[in-house]
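The values are calculated or read from the model by the stated rules, or taken from the named source; none is laboratory data. Since this is a predicted model, take the numbers as computed values, not measurements. Methodologically, a virtual Cβ is constructed for each residue, glycine included, from the backbone with ideal geometry; neighbour enumeration extends over all protein chains shown. In case anyone asks, the SASA skips ligands and DNA or RNA and just uses the protein heavy atoms, side chains included. Shrake-Rupley method; radii C 1.70, N 1.55, O 1.52, S 1.80 Å.
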Amino acid sequence: MSLRNKVTLIGYTGKEVEMVNFDNGNVKASVSLATSDHYTNAKGEKVEETQWHNLIAFGKVAEIMEKYVPKGKEIAIEGKLMYRSYDDKDGVKRYITEIRVDEILLLGGK
């Protein structure tokens with residue numbers, strides 16, 4: 001993998017993995033991942049900030065995600081940023097940022 005477009009995240013899945021089976025036999029997994037950051041603001045209060053990321057995976061990585069990654073599972077992933085757009089049913093152009101997962105590490109218990 002190139003260092004020019006590389007993402008590494010550790011977080012918790014926010015939903016069950018959604019699978020799509022293609023006619024050519026390939027599979028795609030989609031899931032959301034929450035990452036949290038903690039800091040102290042100017043008033044001295046501790047603040048937790050959560051970011052949500054859309055993950056997609058294909059092939060063997062997708063199959064691993066389907067089998068071993070339930071909602072709330074802590075995982076570490078490595079992948080790359082992907083951008084795409086589409087026109088919704090009203091003809092409005094929508095933009096999506098996703099992380100295409102190349103490697104996954106299962107963390108935590110169970």
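Tabulated data for the structure shown
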| read-out | value |
| --- | --- |
| Residue count, the range 45-86 (criterion: free of Cβ contacts under 8 Å to residues at least 60 places away in the same chain and within 27 Å of G25 (Cα to Cα)) | 24 |
| Subset of the range 20-66 that is more than 24 Å from Y95 (Cβ to Cβ) and touching a helix residue (DSSP H, G or I) at 6+ places or on another chain (Cβ under 8 Å) - its residue that is surrounded by the fewest Cβ atoms within 10 Å (Cβ to Cβ) | N26 |
| Scan of the range 85-110 for residues that are assigned to a strand (DSSP E or B), under 20 Å from T8 (Cα atoms), open to solvent by 50 Å² or more (accessible area, probe 1.4 Å) and not β-branched (V, I, T), ordered by number | R100, D102, E103, L105, L106 |
| In the range 1-22, the residues that are within 13 Å of the chain's Cα centre (by Cα) and over 13 Å from A76 (Cβ atoms) | G14, K15, E16, V17, E18 |
